[in-house]
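**Q** Below is the structure I would like to discuss, written out as structure tokens.
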Number of protein chains: 2
Amino acid sequence: MELFVERGYVQTTVEEIAARAGLTERTFFRYFEDKREVLFSGSKGLEKSIVEGIASAPKGASPFDAVAAAFEAAGAELQERRDLQYVRARWALVTQHAEIRERELIKLASLAVAVRAALHARGVDEPAASLTAEAGIAVFKIGFERWLEERKPRDFADHIRAAVVALRGVTVGGDEKKKKARSEKKDKKDKKE
Amino acid sequence: MELFVERGYVQTTVEEIAARAGLTERTFFRYFEDKREVLFSGSKGLEKSIVEGIASAPKGASPFDAVAAAFEAAGAELQERRDLQYVRARWALVTQHAEIRERELIKLASLAVAVRAALHARGVDEPAASLTAEAGIAVFKIGFERWLEERKPRDFADHIRAAVVALRGVTVGGDEKKKKARSEKKDKKDKKE
DNA sequence: CTCCTGATGTCAGTTAGTGACATGAGCGGT
DNA sequence: ACCGCTCATGTCACTAACTGACATCAGGAG
């Protein structure tokens, strides 16, 4: 990350990274599949913590609530463990380089698969499991972005909860009850948070 | 695609692709940003058709309904224009090669951005626009996968509608009304489709 | 002390991707 | 008919990400 900040991602060669770490290029590639992967060392742990969060949600909780709760907890954990400056620097790389954004997206996709499996383990069937997983990821993504957008990011969990509420507002209003449901519901529910 | 099927994606070099097309490697890279991009020539058109679909949805429609309708239409269009065999071969590449899946994901992300913008143009504000876009993409992804899973894929739009219904089922049940809402609603609504 | 194993280094090779410059076909203007 | 311009393509040389094969070397078990 030092090198990426100093000289930019593209300008930094793997050889330089390896040298800075006191290794050879070859050894670097024994630890990381490719150059990008060096930015994703934590993703396995995050996934684990989220899966555990889902597994340990109360029996009565709806699948979606279980996932949302797990994301809240994981967000809080990340908040404690990682330096905000590092998170910001990393996020800048993700937004600026399509190459890295691709990797970020595939990590999220792999997270979605893990979440789906965790839901299957709770007895949720398809296609609800897949859709809950995808919806959960969407909430996480948007919650994360809005959290980082704050000048001095505060509670991650707040943003997750806000995104959950917004998503509920959005999907409400099916084929049958187009007219009624919209105006009243939105006003009342969103205030509470 | 001929070459990819014959010898596999990794084994096929850009030089070979160029030769088969009667070009040099250099010219290939003038038309495609990189090797993967050759598999995504249609994505711009798909995006356009979806954005137009959202713009032309009836005024009264909810944002989510507008997005869902646009995806239905775009799915139908794709169904007509593309050879099923090609779609399957392409999808096999996407699932088998992380490299290509990454690119697929970033195209979907770019689609999400376009959808979000189209919703802004309809007067939808944040975070509803972002969440509707993400939810729409999720529905599209899952609808597409389930459509392709059929031995003889039939109506794409059916799968989109089914995914929409499932997503509505999943996000239902907020903080206030945990107990009631679940069992009755699901049974009645899902039957209709 | 020795053998084995696992981590690291060395080296040579492939391929994706890029920049600089050459060529050549077609086209508009005179 | 000729000129000169432009745009697509080709040629060439170069960088940097990755990979496979083999060498080396340190530390631990016996």
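The values are calculated or read from the model by the stated rules, or taken from the named source; none is laboratory data. What you see is a predicted model, and the numbers here were worked out from it, not measured in a lab. Glycine gets a Cβ as well: all are built from the backbone with ideal geometry, and neighbour counts include every protein chain shown. Calculation scope for accessible area: heavy atoms of the full protein, side chains included, ligands and nucleic acids excluded. Shrake-Rupley method; radii C 1.70, N 1.55, O 1.52, S 1.80 Å.
**Q** Looking at A:77, A:72 in this structure, which one is in contact (Cβ under 8 Å) with a residue 24 or more places away in the chain and touching a Lys or Arg at 6+ places or on another chain (Cβ under 8 Å)?
**A** Within the list A:77, A:72, the selection yields A:72.
**Q** Next question. Filter the range B:38-58 down to residues that are over 14 Å from residue B:75 (Cα atoms) and open to solvent by less than 30 Å² (accessible area, probe 1.4 Å) and give me whichever is farthest from DNA strand D (Cβ to nearest atom).
**A** Among them, the one singled out is B:57.
**Q** Could you identify the single residue in B:61, B:73 that is assigned to a loop (DSSP other than H, G, I, E, B), closer than 20 Å to residue B:162 by Cβ and aliphatic (A, V, I, L, M)?
**A** B:61
**Q** Here's something else I'd like to know. Checking the conditions here, which among A:41, A:49, A:62, A:56 is in contact (Cβ under 8 Å) with a residue 12 or more places away in the chain and polar (S, T, N, Q)?
**A** A:49
**Q** Residues to consider are B:80, B:145; find the one that is open to solvent by 30 Å² or more (accessible area, probe 1.4 Å), under 27 Å from residue A:100 (Cβ atoms) and either part of a helix (DSSP H, G or I) or in contact with a His (Cβ under 9 Å, 6 or more places away or on another chain) (or both).
**A** Unique residue meeting the criteria: B:145.
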